[in-house]
Amino acid sequence: MKTAADIIGQIHSSLESDKELIERAYAFAEKAHEEHKRYSGEPYMIHISNVGFKLAAMGMGPRTVAAGLLHDTIEDTPVTIEDIKREFGEEILFLVEGVTKLSSVRYYGTDRHNESLRKLFVATSQDIRVLIIKLNDRLHNMETLSHVPPEKQLRIARETLEIYVPIAHRLGMGKIRKELEDLAFPYVYPEEYKHVIEVLEKKNGKYNETLERERKVLQKRLADSGLLDFHTSFRVKGLFSLYHKLKRKEWDIAVVYDLLAMRVVVTSVEDCYRTLGIIHELWRPLPGRMKDYIAFPKPNGYKSLHTTVTTQNETILEIQIRTKDMHQESEFGIASHLMYKQPLVTPGASSKFANLIPSLFRPFSRRAITETVIKETTTKDHKEKIPKWINQIGTMYTKEQSSEADFISDMRDDFFSNRIFVFTPIGDVVDLPVGATPVDFAFAIHSEIGNHMAGVKVNKKLVQFDTTLHNGDIVEIETKKNAKPTKKWLDFAKTSVAKRHIRSTLESQNS
Ligand code: MN
């Protein structure tokens with residue numbers, strides 16, 4: 001079991017008061033869960049301490065870690081809301097309650113389940129840390145899923161793949177996403193899982209040995225070339241993402257070029273490109289496989305240089321080259337922005353989405369990071385970091401104006417279907433479902449813009465309102481005071497937000 005000292009060993013803060021807070025939360029939880037056991041028969045505190053440890057290890061601040069330690073107290077023990085408030089204050093209570101509301105309805109019927117999802121977004125829209133605690137709670141529950149009664153396993157695993165994995169992905173939290181996926185995979189697709197394992201075994205790769213050998217070759221070359229500060233690691237592709245790729249490649253593992261990957265983390269963007277040069281001199285690159293996600297980041301903010309090479313031993317390797325802060329961001333996504341008091345955001349950056357898609361021109365400076373006082377941000381700071389799509393879902397459903405059925409279909413259409421990212425002329429990002437049109441874009445920006453949309457330009461060309469938008473499009477809306485929605489717009493609108501606004505405007509015109 002993780003001890004309070006183990007957890008404190010992970011946090012970035014060296015303040016006595018922060019250590020004391022974690023010790024106090026740990027002792028409080030230990031006492032509250034004294035009688036309480038997991039399905040495995042082990043003390044419940046194993047789960048609690050593990051969630052706390054995971055939060056600390058991913059760089060979350062002491063108050064989030066404390067809330068993680070307390071996350072099951074209100075629900076599962078005689079501890080009350082007042083107790084938590086008195087002992088730990090409003091902020092920690094808010095986090096604990098946010099998570100509690102979700103778990104108090106877990107594993108019941110689907111309506112209850114959707115109710116809990118709705119609450120998740122309401123709580124998250126006020127403080128993203130609720131979601132981060134919940135994801136780590138789910139991760140530990142998945143790690144121990146084999147102890148859960150079989151009739152519940154499939155349901156929990158499926159819920160993980162259908163809900164928590166897309167959320168982690170959307171928040172750029174690559175590490176937790178991969179872990180959740182690979183844990184759920186064998187439960188949800190047992191046959192396919194077996195098949196993937198068979199294919200891997202047939203190839204009979206001693207992957208780790210191969211990778212370790214190639215890593216030494218690479219390390220030596222980088223050092224010989226005068227690169228001083230770098231770090232290498234490697235990975236074998238996750239089974240669930242391998243499964244998807246194999247399906248696309250007719251189960252021919254020979255053409256899965258990213259089965260094995262080597263990662264080089266350096267200290268500056270300049271060193272990234274330099275490292276790429278050194279690697280291409282050492283190993284022959286495969287044509288057409290080089291991708292510059294530093295100059296052109298992925299829509300969820302991911303940045304790295306990718307290339308695929310063949311080594312002297314005929315091993316095909318994908319190589320990912322990135323700086324330390326790109327690495328942090330690709331592993332922890334939105335959570336990596338909660339670790340520091342905004343040391344990385346360029347002053348004057350006006351975009352609300354600066355955290356989702358960091359500016360290409362944001363200067364990378366190691367000194368800036370090491371010199372920043374590491375401090376946990378407050379609930380108010382977090383509000384600004386919450387992606388707009390979470391906020392929209394959160395505020396939409398606090399009004400209690402929609403039925404359960406609406407909620408379920410809205411979630412399916414808006415959130416869990418595939419998304420595109422389009423841009424305003426000043427570079428703000430708007431996140432929309434695939435198939436969205438300028439009508440959706442306009443209402444996503446503001447209802448008044450939607451209600452007075454008179455013309456639209458996509459990539460500087462005038463287009464019709466029913467034009468389908470694509471990833472990366474720059475969309476400019478022209479408004480006129482007397483312009484207003486028509487019934488036809490309902491056919492163009494893909495998002496429920498737009499449809500709702502159009503309907504209510506049409507109704508008010510008719511009355
Ligand atoms: Mn829990």
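The values are calculated or read from the model by the stated rules, or taken from the named source; none is laboratory data. In this text, all values refer to a predicted model and were calculated from it rather than measured experimentally. Every residue, glycine among them, receives a Cβ derived from its backbone with ideal geometry; neighbour counts consider all protein chains shown. In case anyone asks, the SASA skips ligands and DNA or RNA and just uses the protein heavy atoms, side chains included. Shrake-Rupley method; radii C 1.70, N 1.55, O 1.52, S 1.80 Å.
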Candidate set from the stretch 26-51 (those that are more than 13 Å from the ligand (Cβ to nearest atom) and basic (Lys, Arg)); member that is modelled with the lowest pLDDT = 37
ask   = When you scan the stretch 226-251, how many residues do you find that are of a type in the set (A, V, I, L, M), open to solvent by 70 Å² or more (accessible area, probe 1.4 Å) and under 23 Å from residue 176 (Cα atoms)?
value = 0
ask   = Hey, among the residues in the stretch 52-76 that are part of a helix (DSSP H, G or I) and away from the ligand (no atom under 14 Å from the Cβ), which one's nearest to residue 11 (Cα to Cα)?
value = 56
remark   = The lone condition residue 305 fails out of (1) touching a strand residue (DSSP E or B) at 6+ places or on another chain (Cβ under 7 Å); (2) modelled with pLDDT of 95 or more; (3) surrounded by fewer than 22 Cβ atoms within 10 Å (Cβ to Cβ) is (3)
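Looking at the structure I just gave you, is residue 278 within 22 Å of residue 216 (Cβ to Cβ), touching a Ser or Thr at 6+ places or on another chain (Cβ under 7 Å), hydrophobic (A, V, I, L, M, F, W, C) and outside any helix (DSSP H, G or I)? Steps first, answer last, please.
Values: within 22 Å of residue 216 (Cβ to Cβ): yes; touching a Ser or Thr at 6+ places or on another chain (Cβ under 7 Å): yes; hydrophobic (A, V, I, L, M, F, W, C): yes; outside any helix (DSSP H, G or I): no.
The answer is no for residue 278.
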inquiry  = Condition first: surrounded by 19 or more Cβ atoms within 10 Å (Cβ to Cβ) and within 29 Å of residue 420 (Cα to Cα). Can you find one or more residues in the stretch 274-291 that meet it?
reply    = no
ask   = Looking at 223, 261, 254, which one is surrounded by fewer than 19 Cβ atoms within 10 Å (Cβ to Cβ), in contact with a helix residue (DSSP H, G or I) (Cβ under 9 Å, 6 or more places away or on another chain) and assigned to a helix (DSSP H, G or I)?
value = 254
inquiry  = Would you confirm whether or not the stretch 194-208 contains a residue that is in the same structural domain as residue 231 (by TED's automatic domain parsing), part of a helix (DSSP H, G or I), acidic (Asp, Glu) and free of Cβ contacts under 8 Å to residues at least 60 places away in the same chain?
reply    = yes
Residue among 48, 74 that is closer than 16 Å to residue 138 by Cα and either under 29 Å from the mean Cα position of the chain (by Cα) or not assigned by TED's automatic domain parsing to the domain that holds residue 128 (or both) = 48
remark   = Counting only residues in the stretch 29-41 that are open to solvent by less than 80 Å² (accessible area, probe 1.4 Å) and more than 17 Å from residue 6 (Cβ to Cβ), the one nearest to the chain's Cα centre (by Cα) is identified as 38
task = Looking only at the stretch 109-119, decide whether some residue is modelled with pLDDT of 90 or more, surrounded by fewer than 23 Cβ atoms within 10 Å (Cβ to Cβ) and either more than 16 Å from the ligand (Cβ to nearest atom) or basic (Lys, Arg) (or both).
result = no
